[in-house]
């Protein structure tokens with residue numbers, strides 16, 4: 001019993017050390033202030049006049065997306081940024097979503113938008129596309 005406990009503690013300690021080393025080696029994978037700019041679906045839907053951005057892949061966007069959302073991701077930044085500027089007004093909140101809670105694409109796009117637009121009211125949706133589907137706000141093509 002003691003041996004199993006020590007082995008479990010050793011594995012846990014190794015996982016913590018590897019996680020810390022991994023973060024220190026590649027901190028850009030998750031923006032340091034990511035949680036400060038996360039927003040849940042209820043709060044996001046209460047933002048007046050929010051512009052919704054889909055940060056998923058082009059194929060995912062074509063398959064289904066939130067009605068009125070714009071496609072903007074790292075892969076199509078140049079093509080998608082100009083149309084965003086045509087719709088966005090200073091002071092207008094922006095909500096960025098990707099596929100799920102573990103997806104970091106929305107955090108990266110939201111951070112880049114905050115930098116390039118100089119705006120603070122730009123959020124990553126907690127739970128992403130999965131949260132939209134669960135709430136019944138979005139539907140996959142073909143569903144009624």
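The condition (being in contact (Cβ under 8 Å) with a residue 24 or more places away in the chain and over 24 Å from residue 48 (Cα atoms)) is satisfied by just one residue among 103, 98: 103.
Counting residues in region 21-38 that are at pLDDT 75 or above and either touching a strand residue (DSSP E or B) at 6+ places or on another chain (Cβ under 9 Å) or surrounded by 13 or more Cβ atoms within 10 Å (Cβ to Cβ) (or both) gives one or more.
The values are calculated or read from the model by the stated rules, or taken from the named source; none is laboratory data. Just so it is clear, the model here is predicted, and its values are computed rather than measured. Neighbour counts are summed over all protein chains in view; Cβ atoms, including those assigned to glycine, are modelled from backbone coordinates with ideal geometry.
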